Amino acid sequence: MSAESLPHPEHGKSNNNNRLRLRRVVDVPLREVSGICLHRRRGGRLSLIAVGDHAARIAWFSQPRSDEGRIDWHTKNIAKLSGSILPTRNSQIEAVCADGFGRILLLQETPPRVELIDPNMLRVVASIDLAVEKRGEIARAWSDPKGWRGEGAVLLPGGHLLVAKEKKPAAFIEFGPPRARSQGLARGGALANGKRWPIKKGHHRFVALAIWLPDRMLTKTCANFSDVEIGPDGYLYLLSDQSCTIARLDDLPPGGGSAALLHSWRIGDLNGKPEGLTFTAQGRAIVGLDTRKRRRNLVLLEPAVAQLRARGKGRAR
């Protein structure tokens, strides 16, 4: 993959005057798409995975070599996997991410938990309850049965998990085993491509190790958090459906604090609620749309926003 030049981001800069444009619209064979991600394998092979919160099903395809290439979808009923307790209907699956071994993590909003599944073995590898134990606004909102919880997730090294809480209040939460130390998320610090997310088989309980609240600029730019993803450039990106915006974020320091905005882009011309975010290898945003029909619910946007930047003689950083 060749590196493309991109100016270094200025803290808090907004690109709202330059809206992202539709390049391609695709039909996903799912209703109410709630999350999408890329499975990045060794050697650069990419597969796009989509989930919906209407039914416990996943859909995926291997990315074609060109943006206009043919797409062949595959689907699977994941409620019937060995060890899964996901309901067949109204599954409340809000996000999906995959490690380099092809295992898929599904984030369930209610109750707040995840299942790590092995689609090849047709079974659940591990299930994890997510708890916020400390007192305060986030803990009260997380324990409220009618509250808003996880909407996006990113796999971190060491078996930790970064979750985006949707709203009231919006926040980023790092989950891990009790008594583990927060590691935060610096640029390039997410689980590396082709790596296995380390966790033992069986049932686990993760607790909140750190919490980051959006700063003033990010709050103004993104009214809520709908999904998160790591771009090819190593930055953390955020999707907000209420603001129809994609934002690039600064590093999240270990131990919690503030989440700061670096850049943002408005999305225009969408016929549906943007719920899922991922990127092509060239850094173009792909957004999944929550619609009642299985049509025109995945869009490819341009120009590229998350491409690698050139440094020196074609060397990417």
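Annotations
- Cross-link pairs Lys168/Lys293; Lys76/Lys195; Lys168/Lys200; Lys80/Lys168; Lys167/Lys200 - those with Cα-Cα distance over 26 Å: Lys168/Lys293; Lys168/Lys200; Lys80/Lys168; Lys167/Lys200
- Taken per residue, the accessible surface of the chain reaches 45 Å², heavy atoms only and a 1.4 Å probe.
- Secondary-structure-derived ellipticity at 222 nm for the chain, considering helices only, amounts to -1000 deg cm²/dmol, per-run term -39500 (n - 2.57) for DSSP H runs with n ≥ 4.
- Cα-Cα pairs of segment 212-317 separated by more than 17 Å (percent): 54 percent
- Per residue, the convex hull spanned by the alpha carbons of segment 80-196 comes to 104 Å³.
- For segment 20-108, the C-alpha radius of gyration sits at 1.12 times the compact-globule guess of 2.2 N^0.38 Å, with N the residue count.
- Near Asn224: Cβ cut-off under 14 Å, other residues only, Lys/Arg at +1 and Asp/Glu at -1. The net charge is -2.
- Whole-angstrom gap from segment 126-166 to segment 260-291, using each part's C-alpha centre: 23 Å
- Stokes-Einstein, applied to the Kirkwood radius of segment 163-220 over Cα pairs at a viscosity of 0.692 mPa s and 37 °C, places its translational diffusion at 242 µm² s⁻¹.
- Ignoring aspartates and glutamates fewer than eight residues from Lys201 along the same chain, the ones with Cα atoms less than 16 angstrom from its Cα are Asp99, Glu115, Asp118, Asp129.
- The chain: antiparallel DSSP beta bridges as a percent of all, rounded to 5: 90 percent
- When you count the other C-beta atoms within 10 angstrom of each residue and take the mean per peptide, 135-148, 196-209, 263-276 line up highest first as 263-276, 196-209, 135-148.
- The ellipsoid equivalent to the alpha-carbon distribution of segment 156-271 has semi-axes of 25, 16, 13 angstrom, derived from the gyration tensor eigenvalues as √(5λ) and listed largest first.
- Cut-off 10 Å between beta-carbons: net charge of the residues surrounding Ile173, Lys and Arg +1, Asp and Glu -1: +1
- Accessible area of the chain belonging to carbon and sulfur atoms, whole % at 1.4 Å probe: 47 percent
- Rounded to the nearest 20 debye, dipole of the chain from Cβ charges on Lys, Arg, Asp, Glu: 580 debye
- Residue-level accessible surface for Glu68, protein heavy atoms, 1.4 Å, Å²: 120 Å²
- Of the chymotrypsin sites (Phe, Trp or Tyr not before Pro) found in segment 51-128, those that fall in a DSSP loop while having at most 16 other beta-carbon atoms within 10 Å are Trp73, Phe101.
The values are calculated or read from the model by the stated rules, or taken from the named source; none is laboratory data. Quantities reported herein were computed from a predicted structural model and do not represent experimental measurements. Cβ: placed from backbone, ideal geometry, glycine included. Neighbour counts: every protein chain shown. For the accessible areas, the whole protein counts, side chains as well, though only heavy atoms, and no ligand, DNA or RNA atoms are used. Shrake-Rupley method; radii C 1.70, N 1.55, O 1.52, S 1.80 Å.
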